[in-house]
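The values are calculated or read from the model by the stated rules, or taken from the named source; none is laboratory data. These numbers were taken from a predicted model, which means no experiment stands behind them. Here the Cβ positions follow ideal geometry from the backbone for every residue, glycine too, while neighbour counts run over all protein chains shown.
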Amino acid sequence: MPFLETIEKGISKARDLGELSRLNSEIAIRETHRKECFTVMGEKYYDSLKNGTVPDCRILYREIENIEGELEGLQRQIQRLQKVMICPGCRAKLTIVSAFCPFCGAELAKRNLCPNCGAVLDPEANYCVNCGNRAIGRKEE
Ligand SMILES: [Zn+2]
Ligand SMILES: [Zn+2]
């Protein structure tokens, strides 16, 4: 592999990893916030039982719904990042999972491919025998 190409691949991989850890920390912040909302909700409910009143948790409910929506969006972004794969035919980095490689026409569907190095794996394999990366396991899609 040419030197420059190696560097470029290293940089884009680092960028993906950076993006992944950013998304993961965004998720952690929201999960903590959601837990806080549930705690406040529980306290409100406790107080209302104690005082014989009806708890009003609509604002908290809406807040939690918002957080859930944001979490869903973040999870989707992570999935999109993890869909990045290397074509086994031409080694192009593909972000869209399609049946064939748009650059060299290699068949991508119905094959268990390593998204990291593009190795064609045993259909049952969960991990790449070449680089140890988690396999895509396309047969399940
Ligand atoms: Zn290709
Ligand atoms: Zn691999």
For region 36-61, what are the residues that are surrounded by 11 or more Cβ atoms within 10 Å (Cβ to Cβ) and of a type in the set (Lys, Arg)?
44
Residue check: is residue 68 within 25 Å of residue 15 (Cα to Cα) and either within 16 Å of ligand 1 (Cβ to nearest atom) or among the charged types (D, E, K, R) (or both)?
no
Residue check, residue 95 against (1) surrounded by 14 or more Cβ atoms within 10 Å (Cβ to Cβ); (2) within 17 Å of residue 16 (Cα to Cα); (3) outside the structural domain of residue 29 (by TED's automatic domain parsing), all met but one. Which one?
(1)
Residue 50 is checked against (1) among the charged types (D, E, K, R); (2) without any contact (Cβ under 8 Å) to a residue 12 or more places away in the chain; (3) not in a helix (DSSP H, G or I) and fails just one. What number does that condition carry?
(3)
Would you confirm, using the coordinates I've provided, whether residue 43 is within 19 Å of residue 27 (Cβ to Cβ) and in the same structural domain as residue 27 (by TED's automatic domain parsing)?
no
